[in-house]
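Here the structure is laid out as structure tokens; the discussion comes afterwards.
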Amino acid sequence: MGTVDAAALTAAPAPGASTTPNGAAAPTASANASGTKPITITRSGYQGFGSFFNEVSVQDMIAVPRDAYVPPARPFAPPSLERAASLPFGEACRELFMIDFQRWTFINHGAFGGVCRPAHEEANQWREYCEAQPLKFLDRELFPQMVRVMREMADFMGADPRDLVFVPNATTGLNVAIQAAGLRPGDTMYMLNIGTVATPVQAPGGINVVYGEVVFPISGPQAIVDLVAATLPPGTRLAVFDTVTSNTALLLPVAELTALCRSSMALLGLPQVGHRGSMALMGLPQELAEGPEADSADAKYDMLHHVYGIEVPIKAVQGRLYVRLSAHMYNALPDYQRLADAPRRSAAAEASSAR
């Protein structure tokens, strides 16, 4: 049986050393004075962003031309989506999710949603595969597999994979982009006072942040364009908008805002927050919107949740209460009918208890 010769461990591949599919030098064997054949491990070291064992850096793997790229093999077959592709939208799609639809009327996918079952199953497969040999996966396979996924995503989006980067959430991505925009003390950044970006943005020190004040109700998309045109300060360096505002579920007129900002020489940030076109903000009838703003919103939200098993948020926006609806592939008309019936049932119960 061969032994490991410590003196044979080198920092660079021996002349003519072969490499693995990931670019790392392959182990070679040589004889020593004792006549045994120790294992000689040759490796060129940590050459770029990636694992020590992936000597072709992530940047280099991403930059390989499409017709020359050879993806790493998948360690297991992903769940089949053949049946999912055949299902009509509505209740039939509920088998694709793990939400307890027997107990809940779920019309709040715009908040945290529910993961699709095939995606959940594949994520678990990756976790179990990793835990079967963590060092092998994390040190030798993870980065090439991430590059594969990034390149597949780029093909799906029609983008250059060198222009994509994975981030844990939209807030992180937005703040990374802002930090990379090159803003300097005294520069102006513009955003609206609605949506997601107004709160979690971390502007560099010394930056002047200006908000366009949107007043509800809004007559239409042109009202947003007119507001921005009237309140975007001259010389603004960066303008940031949600594509879909999360809290208020507005689909902003992206094309018009882009043209407006470019004509004003402002950089433009458009994070995709929420689900395009799948949410709507509807005002509650006046008789349902009485009481202190925050307390009334929370009370009605809790009532729908605890009493009727309806998961839908009640939003307090500028002194008025709204319900923010979402429509996902598993929703159907009876979901919204149950929501419409809940206030009537609540009012009837209150009237009965008052007698």
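The values are calculated or read from the model by the stated rules, or taken from the named source; none is laboratory data. Computed from a predicted model, the values in this text were never measured in an experiment. Cβ sites come from the backbone with ideal geometry, for glycine too, and all protein chains shown count toward neighbours. Side chains included, ligands, DNA and RNA excluded: accessible areas come from the protein's heavy atoms. Shrake-Rupley method; radii C 1.70, N 1.55, O 1.52, S 1.80 Å.
In the range 232-245, which residues are surrounded by 14 or more Cβ atoms within 10 Å (Cβ to Cβ) and either free of Cβ contacts under 8 Å to residues at least 40 places away in the same chain or in contact with a Lys or Arg (Cβ under 9 Å, 6 or more places away or on another chain) (or both)?
R237, T243, V244
Just for the range 164-176: of the residues that are of a type outside the set (V, I, T) and open to solvent by 50 Å² or more (accessible area, probe 1.4 Å), which one is farthest from the chain's Cα centre (by Cα)?
Among those that are of a type outside the set (V, I, T) and open to solvent by 50 Å² or more (accessible area, probe 1.4 Å), it is F166.
Quick one: how many residues across the range 177-191 are modelled with pLDDT under 85 and open to solvent by 50 Å² or more (accessible area, probe 1.4 Å)?
The number of residues fulfilling the criteria is 3.
Conditions tested, residue by residue: (1) at negative phi; (2) under 23 Å from the mean Cα position of the chain (by Cα); (3) at pLDDT 90 or above.
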{"residue": "L288", "(1), (2), (3)": "yes, no, no"}
{"residue": "A299", "(1), (2), (3)": "yes, no, no"}
{"residue": "D302", "(1), (2), (3)": "yes, no, yes"}
{"residue": "Y308", "(1), (2), (3)": "yes, no, yes"}
{"residue": "E311", "(1), (2), (3)": "yes, yes, yes"}
{"residue": "A327", "(1), (2), (3)": "yes, yes, yes"}
{"residue": "P334", "(1), (2), (3)": "yes, no, yes"}
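For E152, indicate whether it is open to solvent by 80 Å² or more (accessible area, probe 1.4 Å), among the acidic types (D, E) and either within 30 Å of N331 (Cα to Cα) or in contact (Cβ under 8 Å) with a residue 12 or more places away in the chain (or both).
Here the answer is yes, as E152 does meet what is asked.
Select from the range 192-222 the residues that are in a strand (DSSP E or B) and either at pLDDT below 65 or over 20 Å from Q318 (Cα atoms) (or both) and list them in ascending order.
N208, V209
Looking at this structure, is M157 open to solvent by 40 Å² or more (accessible area, probe 1.4 Å) and within 20 Å of the chain's Cα centre (by Cα)?
yes
Residues being assigned to a helix (DSSP H, G or I), open to solvent by 60 Å² or more (accessible area, probe 1.4 Å) and more than 20 Å from M150 (Cβ to Cβ): count how many of those fall in the range 54-86.
The total comes to 4.
For the range 87-145: of the residues being small (G, A, S) and assigned to a loop (DSSP other than H, G, I, E, B), which is most open to solvent (accessible area, probe 1.4 Å)?
Filtering first and then ranking leaves A111.
I'd like to check something: does the range 86-100 contain any residue that is polar (S, T, N, Q) and in contact (Cβ under 8 Å) with a residue 12 or more places away in the chain?
no
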